[in-house]
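K.L.:
Structure incoming, see below.
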């Protein structure tokens with residue numbers, strides 16, 4: 001494992017190894033055990049999209065591991081004024097021990113890894129969100145004990161979250177169902193991969209997708225950068241909501257997860273969100289532990 005660009009690059013065993021280390025680091029933190037795994041290491045954090053959880057969790061994580069993190073926005077870098085990614089990659093590789101980037105195009109992340117000589121972590125692109133899904137998998141295993149035999153359902157837009165959840169669920173032995181409207185399906189190549197490699201269902205029927213689910217997951221209808229489509233998407237996604245009706249056909253102990261921020265009354269009702277708030281905010285906390293594990297794996 002040289003980088004974390006997308007979950008598809010990792011084997012099942014590599015994912016398990018990250019999750020096991022994340023569990024250990026979470027335990028050490030709760031016990032007040034401090035180990036400077038990354039003493040003297042510096043992570044550059046490039047943000048071309050704003051963030052709450054990604055920035056805070058990576059910055060705190062590096063500090064807790066004994067290293068330091070540099071916040072770099074478009075205003076701070078020449079990349080925001082037209083410097084080629086390959087030049088930025090080669091310059092930053094001479095200063096830093098690793099790069100985390102949160103941006104729009106997956107190609108930008110891949111190019112940083114291609115032209116740089118240090119580990120690159122995908123903090124989010126329009127294509128995928130591997131760090132979030134590692135935290136999701138960690139949360140599911142904490143609550144359910146294992147992945148085998150579980151069914152995960154995603155309700156909503158076939159976006160970067162759906163793309164990564166599909167890969168993560170199937171790699172770890174879960175079945176995966178997605179309910180999404182026509183025209184908003186996940187990446188077709190990943191859908192083809194999912195059909196070939198696991199138990200996968202795609203439908204426009206929320207109740208069909210949620211039937212017997214162990215985990216139901218949702219995300220906002222309009223992701224960052226899609227705000228101008230809000231009205232169109234509100235019409236397209238009307239009915240694609242995690243609510244009591246959806247949960248009524250799921251397993252009695254079904255988990256509900258959300259990558260946040262949540263728009264109560266749209267993709268999820270306020271009542272369902274609050275009933276599963278412990279799971280959702282444990283999932284948010286686990287971003288810190290899962291990403292610390294990735295940082296140790298890549299930078300130590």
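K.L.:
Pairs, please: C-beta under 9 Å, at least 6 apart or cross-chain, first residue over 15 Å from residue 48 (Cα atoms) and in the stretch 116-127, second at pLDDT below 95 and in a loop (DSSP other than H, G, I, E, B)?
P.N.:
119/1
K.L.:
Let me ask something additional. Restricting attention to the stretch 1-59, which residues are exposed (fewer than 15 other Cβ atoms within 10 Å of the Cβ), farther than 18 Å from residue 298 by Cα and touching a helix residue (DSSP H, G or I) at 6+ places or on another chain (Cβ under 6 Å)?
P.N.:
Residues satisfying the conditions do not exist here.
K.L.:
Could I ask something else about it? Given the condition in contact with a strand residue (DSSP E or B) (Cβ under 6 Å, 6 or more places away or on another chain), buried (at least 19 other Cβ atoms within 10 Å of the Cβ) and in a helix (DSSP H, G or I), answer yes or no: does some residue in the stretch 280-290 qualify?
P.N.:
Taking the stretch 280-290 first, the residues in contact with a strand residue (DSSP E or B) (Cβ under 6 Å, 6 or more places away or on another chain) are 280, 283.
Narrowing the set further to residues that are buried (at least 19 other Cβ atoms within 10 Å of the Cβ) leaves 280, 283.
Going one step further and asking which of them are in a helix (DSSP H, G or I), we end up with 280, 283.
Checking the stretch 280-290: at least one residue is in contact with a strand residue (DSSP E or B) (Cβ under 6 Å, 6 or more places away or on another chain), buried (at least 19 other Cβ atoms within 10 Å of the Cβ) and in a helix (DSSP H, G or I).
K.L.:
Checking the condition out of contact with any strand residue (DSSP E or B) (no Cβ under 7 Å at 6 or more places or on another chain), buried (at least 22 other Cβ atoms within 10 Å of the Cβ) and either part of a helix (DSSP H, G or I) or on the phi < 0 side of the Ramachandran plot (or both), which residue from 132, 86 passes?
P.N.:
Step by step, each of 132, 86 is checked, and only 132 is out of contact with any strand residue (DSSP E or B) (no Cβ under 7 Å at 6 or more places or on another chain), buried (at least 22 other Cβ atoms within 10 Å of the Cβ) and either part of a helix (DSSP H, G or I) or on the phi < 0 side of the Ramachandran plot (or both).
K.L.:
Going by the conditions given, is residue 174 within 15 Å of the chain's Cα centre (by Cα) and touching a residue at least 12 places away in the same chain (Cβ under 8 Å)? Even if it seems obvious, please write down each step before you answer.
P.N.:
Details: within 15 Å of the chain's Cα centre (by Cα): no; touching a residue at least 12 places away in the same chain (Cβ under 8 Å): yes.
Considered against the rule, which asks whether it is within 15 Å of the chain's Cα centre (by Cα) and touching a residue at least 12 places away in the same chain (Cβ under 8 Å), residue 174 comes out as no.
K.L.:
From the list 117, 57, exactly one residue is in a helix (DSSP H, G or I) and either touching a strand residue (DSSP E or B) at 6+ places or on another chain (Cβ under 8 Å) or at pLDDT 95 or above (or both). Which is it?
P.N.:
57
K.L.:
Of the conditions (1) within 21 Å of the chain's Cα centre (by Cα); (2) buried (at least 20 other Cβ atoms within 10 Å of the Cβ), residue 71 clears all except one; give me its number.
P.N.:
If we test residue 71 against (1) within 21 Å of the chain's Cα centre (by Cα); (2) buried (at least 20 other Cβ atoms within 10 Å of the Cβ), just (2) comes out false.
K.L.:
When residues of the stretch 23-54 are filtered for being closer than 18 Å to residue 99 by Cα and either part of a helix (DSSP H, G or I) or in the same structural domain as residue 137 (by TED's automatic domain parsing) (or both), how many remain?
P.N.:
2
The values are calculated or read from the model by the stated rules, or taken from the named source; none is laboratory data. Remember, predicted model here, so these are calculated numbers, not experimental data. So basically every Cβ, Gly included, is an ideal-geometry build from the backbone, and we count neighbours across all protein chains shown.
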